[in-house]
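Visitor: Shown below is the structure under consideration.
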Amino acid sequence: MRVGLALSGGGARGLAHFGVLKALKELGIEVHEVAGTSAGAIAGAFYTNGYDPEEAMKQVSGTSLFKVVWPAFSWRGLFNISKAEEVFRKYFENDSFENARLPFRIVATNLNSGQKEVFSEGPLIRPMMASCCLPFIFDPVEINGQLYVDGGIVNNLPAEVLKETCDIVIGVNVVPVIHDDNLSGMKKMIERISMVALSANVNNSRKHCDILIEPRELRSFGTFDLKQAQGIFDIGYEATHHLFEMDKNEAPVKSLLNS
């Protein structure tokens, strides 16, 4: 039985993916393929390249945004994300999808075509950068003459790209949208609009998930809350154990726990 894992975008909330991965390992659930968007692309890259989930969480959360970007002053964005390339090379020296120990796919948005694009071969780092390139905050990333930005715009939970090759797809959505009466302030409003927009295409992806892990507690964290890394990690870890315990008699969960 082949198990696919789809990891959503969500900024710092994506650190919960590492907690999910630790819990899945403890439950004895083997993952055979991974697909990720934005923060999920980063988490997936570390995991498929053999990094321990807890160590990867510490490495990612310890890499300040101020160390990997600088003012670009261009009309397309506020910051240039290209400095992140040298940071990621410290962790992915071979810079290749083929170097991953598991099949891995990254989703990014092609601005020229207006469509999603799935990367699964060749260089790894630039597609990963493209997938988490927030529009209006970072300059688009150029790959083979095409401009790319955050994959979450078109597909924030890339579960469907795993359906053809996997028997069971586990989706992890780290941007749950829950009713909120406190929407005062510009920062809060921008954050909310972003989450609502991402949620719209996540709803289309749910039908491709046999199991969906969606920690509601993550709603209290923001896109750039890297200082809360351990708490976010713990939420992903605990939510996974809770779901597999509560749904242990459901067919997809039962099949994984008994395999």
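The values are calculated or read from the model by the stated rules, or taken from the named source; none is laboratory data. Owing to the predicted nature of the structure, the values given are computational and were not obtained by experimental measurement. For neighbour counting, all protein chains shown are included, and Cβ atoms are generated from backbone atoms with ideal geometry for every residue, glycine included. We work out accessible area using only protein heavy atoms, side chains counted, and drop any ligands, DNA or RNA first. Shrake-Rupley method; radii C 1.70, N 1.55, O 1.52, S 1.80 Å.
Visitor: Name the residue that is surrounded by the most Cβ atoms within 10 Å (Cβ to Cβ), counting only residues in segment 109-137 that are closer than 18 Å to residue 8 by Cα and hydroxyl-bearing (Ser, Thr, Tyr).
Guide: Filtering first and then ranking leaves 131.
Visitor: Can you pull out the residues in segment 151-198 that are open to solvent by 60 Å² or more (accessible area, probe 1.4 Å), modelled with pLDDT of 90 or more and among the acidic types (Asp, Glu)?
Guide: Hits for segment 151-198 are 164, 167.
To keep it simple, each residue is scored yes or no on (1) open to solvent by less than 20 Å² (accessible area, probe 1.4 Å); (2) under 21 Å from residue 7 (Cα atoms); (3) at pLDDT 90 or above.
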{"position": "76", "(1), (2), (3)": "no, no, no"}
{"position": "82", "(1), (2), (3)": "no, no, no"}
{"position": "96", "(1), (2), (3)": "no, yes, yes"}
{"position": "107", "(1), (2), (3)": "yes, yes, yes"}
{"position": "139", "(1), (2), (3)": "yes, no, no"}
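Visitor: Which count do you get for residues in segment 200-245 that are in a helix (DSSP H, G or I) and either among the polar types (S, T, N, Q) or open to solvent by less than 40 Å² (accessible area, probe 1.4 Å) (or both)?
Guide: The qualifying residues number 19.
Visitor: Which of the residues that make up segment 1-16 are touching a Ser or Thr at 6+ places or on another chain (Cβ under 8 Å) and either surrounded by fewer than 24 Cβ atoms within 10 Å (Cβ to Cβ) or of a type outside the set (Lys, Arg) (or both)?
Guide: Across segment 1-16, the qualifying residues are 1, 2, 4, 6, 7, 8, 9, 10, 11, 12, 14, 15.
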